[in-house]
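Remarks on the structure that follows.
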Amino acid sequence: MAKERNVVSDPAQESSRPSSPYAALYERDFLFFLIGHILSVLGVQMQTVAIGWQLYEKTGSAWPLGLVGLVMAVPMIGLAPIAGQTADHFDRRRVLMGATWLAVISSLGLALVSARGEGLFWIYFCLFGSGLARAFQGPARSSLMPMLVPREIFVNSVTWAVSGFELASMIGPALGGMLIALFGGATWIYALSALGSLCYLVMLGAMSRRSYGSAGSGGSAESPKGRPGLVDWRKLVVGFEYVWKTRLLLTTMTLDLFAVLLGGAVALLPIYAKDILRVGPSGLGWLQAAPSLGAVTMAVLMAHLPPLRRAGQILLISVAGFGVATIVFGLSENFWLSLAMLFLTGAFDNISVVVRHTMVQLLTPDEMRGRVSAVNGMFINASNEIGRFESGTVAGLFGPIFSVVSGGIGCLIVVGAVALGSPELRRFGALVDSDERKS
């Protein structure tokens, strides 16, 4: 399985920390990583609300909202194999820092475009740059995290990483919506997003000064002829081959891909906030924050409860619950009921994220984590960003309510098909390292 990571820790503490729900937070590098990531996500989520509101204010149409997903998806999906190869052949922290610099530039570009009142082309141009940054951030971040904690508390670190992400995703949209209403525009929100990414860079720079390359690469890239700095492009498909052969990973990723692709209502929240629920930009912020509030609540519960023992069945149930909550949200014309349903979508999605992310990391050797994480990132980005495009397109043709409700129904159909077609997933038990599973 995975080779031993170069993690320095106190053996006396290792024996006691795994039993603590806060075990991962005692690891210095992981704590810096987590704080920086939270601040970065906080800015990104504020920016997401600002983009949706600004585009719908400019156009009054669902089509531009859907196009945001397509523009972001092209670099995030198209460059995922190269990004994964890069994460496996270069120092993962440096790759993450380089991509984060690009995120800073993209957010500052959006601030400038907004201040000058430029057209849609330049907004989408900056969003493309943001998607390019995320394409490289994802594999580098996912493959770096297992190197920051001892193996026995990795599941705990995943729980806290997801919790931090959801906490920022909860606060960011609400804060973004209030600031849009306060400032009367999106310009300052984009500037604050750039500031969040800059804070991430500071936290990454404060981590231990050691190599964060994979166990197989030693932190540098080598070509077949041994020349440093060149990537062996023939290995780009290795991550895909590994996922294809590991059917459990393929099934789990596919379930997430189609469920979120069909069940994503987030892209249409500006329409619901302005035309259906009539709650304005502040209400949009709370609608956007509700899924993350649900996710944070569930994450805290999961951090204090024993590890899942029937993870496969729970994954299927959680995705089905996500679909049902999406359907009810789509039909609701009451703000509080809509908030409650979005809360539930976040709670169910958190379970799915923790199970899927943990399975990907534990079933993958260390020297391949970057490439497999890139494949996982492709599935996630395809579901999130192309799902936005799908939702906007269907809403443009048939209306937002039809788009959301039909997506939730499609989500339930996907869960049923996967449950029937994958007995291996139904039987999957506790989330433990594969070496422990064999013992």
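So the values come out like this:
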{"quantity": "Contour excess over end-to-end distance, with Cα ends at Trp244 and Leu420 and 0.36 nm allotted per residue", "calculated": "61.4 nm"}
{"quantity": "Derived scalar couplings ³J(HN,Hα) [the range 168-184; Karplus, 6.51 cos²θ - 1.76 cosθ + 1.60; whole Hz; x for Gly, Pro]", "calculated": "5, 6, 7, 6, x, x, 4, 5, x, x, 5, 5, 4, 5, 6, 8, x"}
{"quantity": "Added length on full extension, which subtracts the Cα-Cα distance from 0.36 nm per residue, Glu118 to Ser61", "calculated": "18.7 nm"}
{"quantity": "Rounded, prolate or oblate (a/c below 1.5 giving rounded, otherwise prolate when a/b exceeds b/c) for the range 25-73 by Cα gyration tensor", "calculated": "prolate"}
{"quantity": "Order of Val202, Val355 under a 10 Å beta carbon neighbour criterion, fewest first", "calculated": "Val202, Val355"}
{"quantity": "In nm, spacing of pseudo-spin labels at Leu182 and Arg278 (7 Å Cα→C-beta vector)", "calculated": "2.8"}
{"quantity": "Potential lengthening between Glu333 and Ala206 on full extension [0.36 nm per residue; Cα-Cα distance subtracted]", "calculated": "40.9 nm"}
{"quantity": "Cβ-based exposure ranking for Lys58, Lys274, in which fewest neighbours within 10 Å come first", "calculated": "Lys58, Lys274"}
{"quantity": "Label-point separation, His304 to Leu397 (7 Å along Cα→Cβ), nm", "calculated": "4.7"}
{"quantity": "Per-residue Cβ neighbour rank within 10 angstrom, fewest leading, Leu397, Leu67", "calculated": "Leu397, Leu67"}
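Any read-out appearing in this document is the output of simple, stated calculations on the displayed coordinates, not a laboratory observation. Since this is a predicted model, take the numbers as computed values, not measurements. In this analysis, Cβ positions are derived from the backbone assuming ideal geometry, glycine residues included, and neighbour counts consider all displayed protein chains.
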